[in-house]
Amino acid sequence: MSGDDASRLAELELLIEVTAAVSRAAAVADVYHLALAAVARASDADRVAILVADAAGVMRFAASRGLSAAYQRAVDGHSPWPADAVDPAPVVVDDVDADPAWAAFRDVFRAEGICTMAFIPLVYQRELLGKFMVYRSAPRPFAARAVQLASTIAAHVAHAVAHHRRQEALARALRDEQAATRACEEILSVVSHDLRNPLGAVLMGAAALLQIPAEPADPRLARVRTTAERIARQAQRMARQIDDLVDFAGIQSGRLALDRREHAPADLLAAAADIFGSQADERGIRLEAARPDLPRITCDADRGVQVLANLIANALKVTPRGGVIAIGAEAGDGTVFYVRDTGPGIAADELPHLFERYWRSASPTYKGTGLGLSIASRIVAAHGGRIWAASAPGVGSTFYFSLG
């Protein structure tokens, strides 16, 4: 093997070693120290440093070998390229004493014993992330191959630095989201507690007024009863919205506990129909609840009824007087429950967004907090099932979800 071939083989082995070491590094600081050792070997440098751009784009020392603290203070923040440089080229200075471009730093170089230096940019996806600084104490220029090899190592390091930055940004975002979720839960806890007490009083007052016969002889009492019915409906709606907000905050924080037991699908349907039977009658809507003879499923019955309740509540909002809401279950991928209405239907371009949190239809027919379907989808997902909808304008909508 010729000397040149041996040299190329050594370079290849170094690159393989650097790639493997960088990929194994657990922290970005480990990457810096590995990189310094590798670039020192690649460039045969006496002293090396790595500087990384901070949030303002200023180059700051991240790690170094053989450089004094005084020197680091003197050159910290310096860069031979502008912060917004795209794919900058390495800068090689063969003789720092003779090059007039570096006259301002000449005394600093002399005090440090630096004769030759090179700056190798760390670039990832055309963004300048930092630089290697490599130095020699003797007036011995850096060969083109040494600069090329150092640049290749720099590319690997830049990729690792970018990756670690993304990971850190994701971790910060997660911490921020968790803190925001905790704050939201605390606020909702206080607000829901403060609202439920007066709301309970309103509901009890409405219930007392609803003791008036359905068709009293006195027309004034008839008006009182009608007003009480409206108050009760709106108060119940407020109570459901409070429950939705509290549920959603709990789900977001990962506190959705499931009490899984065996249940007959017909029992879940009967429980949901019982909740909305009188409300459907008041609105002149026929609520049809099937009682399918299907195998028992393992699920949290209360949560399953909650999903059905959310879907039925939505159906009641959009189904006109004289319409029909049918609920049932059938064998499919597991047990598939459905809630079918004869409402106005949903446009095809809105179907993919139905279960997104806070999403609301552009149609004035659909109103609410935008949380009910999102909560339903999270509950179904926690059971390992799925939820979807089929609809066409003017035909009505059917919502499906699987459990078990």
statement: In terms of the alpha carbon gyration tensor, root eigenvalues a ≥ b ≥ c, rounded if a/c is under 1.5 and otherwise prolate when a/b exceeds b/c or oblate, region 3-172 is oblate
- request: Only helical DSSP H runs with n ≥ 4 go in: add -39500 (n - 2.57) per run for the chain, normalise by residue count and round the 222 nm mean residue ellipticity to 500 deg cm²/dmol.
  value: -17000 deg cm²/dmol
query: Ordered by packing density, taken as the mean number of other Cβ atoms within 10 Å over each peptide's residues, highest first, how do 329-338, 208-217 rank?
result: 329-338, 208-217
field: Option label - P(r) over Cα pairs in 10 Å bins from 0, in percent computed here, alternatives (1) 4, 16, 19, 12, 9, 11, 12, 9, 5, 2, 1, 0; (2) 5, 23, 32, 24, 12, 4, 0; (3) 5, 23, 34, 28, 10, 1, 0
entry: (1)
- prompt: Contour minus end-to-end for Ala55 and Ala101, with contour as 0.36 nm per residue of separation and end-to-end as the Cα-Cα distance?
  reply: 13.8 nm
- prompt: Applying 1/(1 + (r/R0)^6) with R0 = 45 Å to the Cβ-Cβ distance of Ile212 and Asp259, what FRET efficiency is obtained, to the nearest 0.05?
  reply: 0.65
Farthest positive-ward along region 3-172 dipole, Cα basis, beta-carbon charges - from Ala111, Leu34, Pro121: Leu34
- line: Per the charge dipole of the chain (beta-carbon charges, Lys/Arg positive, Asp/Glu negative, Cα centre), the residue among Ala150, Ala290, Leu373 reaching farthest to the positive end is Ala290
statement: Surrounding charge for Asp293, neighbours by C-beta under 13 angstrom, Lys/Arg +1, Asp/Glu -1, total 0
- prompt: In debye to the nearest 20, how big a dipole does the chain give about its Cα centre with +1 on each Lys and Arg Cβ and -1 on each Asp and Glu Cβ?
  reply: 1020 debye
field: Leading residue at positive end of dipole, region 3-172 (Cβ point charges), from Gly66, Ala169, Val96
entry: Ala169
statement: In nm, the gap between the two label points placed 7 Å beyond Cα toward Cβ at Ala69 and Arg286 is 8.8 nm
field: Folded to 0 to 90 degrees: helix 28-43 orientation relative to the chain principal axis, Cα
entry: 30 degrees
task: Return the FRET efficiency for the residue pair His78, Glu356: r is the Cβ-Cβ distance, R0 is 35 Å, and the value is rounded to the nearest 0.05.
output: 0.10
query: Charges only on Cβ, +1 for Lys and Arg, -1 for Asp and Glu: so what's the dipole of region 256-404 about the Cα centre, in debye to the nearest 20?
result: 300 debye
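Here, each number is a calculation from the coordinates, and none is a lab measurement. These figures come from a predicted structure and were not determined experimentally. Methodologically, a virtual Cβ is constructed for each residue, glycine included, from the backbone with ideal geometry; neighbour enumeration extends over all protein chains shown.
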